[in-house]
Amino acid sequence: MIRLKGKLTVISFLELTLELSKATDLVSPELNNHQRLVAFITYNLGEELNLTRKQQNNLSVAAILHDIGGLSMQERLDVLKFDALNPHKHAKIGWMLLKDYREFAEAAKIIKFHHVDWDYGRGIKKDGEDVPLESHLVHLADRIATLISNKEKPFNQAERIYARIEDASGKKFNPEFIKAFKHIKDKEYFWFDLESISSGGNYD
Ligand SMILES: [Fe+2]
Ligand SMILES: [Fe+2]
């Protein structure tokens, strides 16, 4: 629980995180619950990969706030393109915003590197620092989210999206994580749940 100084209000960490996420996605309707969508995809990938509860918790917080450092609308919209140009700036700002809060410290580390390409394994480091594997998972989920068009039902886009992701296997994404996506993309409920989130449905 987090108590806001000088006020009687007591809000849970989960509520705070979700509200922060909602506020940052309100920058533009085009973001369309982008961070929630990425959190949902990340969670499903994590389940498929049998991550621990602790890893899943940190990942969920990181995913739902991953673009919090995109301070201008243009910046937020630019990174919605699959091949985003200069995407690391908002990732670093996100890390800086969150790193000093104990509850967000682990998520901040994941956010800092969420646009690092796998680069055939070289992506485990960036500028001499270790890149958490969780960052690569958010990276994959984030790029899957950018490939979803609102012109067609997500379920009907599954094969097109998978083909595009597989095409970047090794270069952009960890091939092991793509295998997890391969299992998920064959599950109808995954796409139906995803549709409900991108159309504004809540899952909290
Ligand atoms: Fe991003
Ligand atoms: Fe994103």
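The values are calculated or read from the model by the stated rules, or taken from the named source; none is laboratory data. These figures come from a predicted structure and were not determined experimentally. All Cβ positions, glycine included, derive from the backbone under ideal geometry; neighbour counts span all protein chains shown. Ligands, DNA and RNA are excluded from the accessible area calculation, which covers all protein heavy atoms including side chains. Shrake-Rupley method; radii C 1.70, N 1.55, O 1.52, S 1.80 Å.
Couple of notes before you dig in:
- Percent carbon-and-sulfur accessible area, segment 20-198, ignoring ligands, DNA and RNA, probe 1.4 Å: 53
- About the centre of its Cα atoms, the chain shows a dipole size close to 400 debye [charges on the beta carbon of Lys, Arg (+1) and Asp, Glu (-1) only; nearest 20 debye].
- Dipole orientation for segment 41-155: of the candidates Thr146, Met96, Gly46, Met96 has the Cα lying most toward the positive pole (charges on Cβ; Lys, Arg +1; Asp, Glu -1).
- Accessible surface calculations at 1.4 Å, restricted to protein heavy atoms, place the chain at 54 Å² per residue.
- FRET efficiency for Asn50 and Leu77, using Cβ-Cβ distance with R0 set to 45 Å, rounded to 0.05: 0.80
- Chain lengthening between Met96 and Asp167 when straightened (0.36 nm per residue, less Cα-Cα): 22.3 nm
- Value of [θ]222 nm, deg cm²/dmol, for the chain, DSSP H segments ≥ 4, -39500 (n - 2.57) each, nearest 500: -16500 deg cm²/dmol
- Note on segment 20-198: Kirkwood radius taken over Cα pairs, Stokes-Einstein applied at 37 °C and 0.692 mPa s, translational D equal to 205 µm² s⁻¹.
- Residues whose amide H falls under 5 Å from that of Gly69, counting only those 5 or more places apart or on a different chain, are Gly94, with hydrogens built in the peptide plane.
- Amide hydrogen neighbours beyond the local backbone of Lys126, cut-off 5 Å, H modeled: Val131
- Summing +1 for each Lys or Arg and -1 for each Asp or Glu among the other residues whose beta-carbon sits under 9 angstrom from that of Lys112 gives +3.
- Unsatisfied cross-links (Cα-Cα over 27 Å) in the set Lys92/Lys185; Lys153/Lys179; Lys126/Lys151: Lys92/Lys185; Lys126/Lys151
- Inter-part distance, segment 95-111 to segment 155-204, computed on C-alpha centroids, equals 26 Å.
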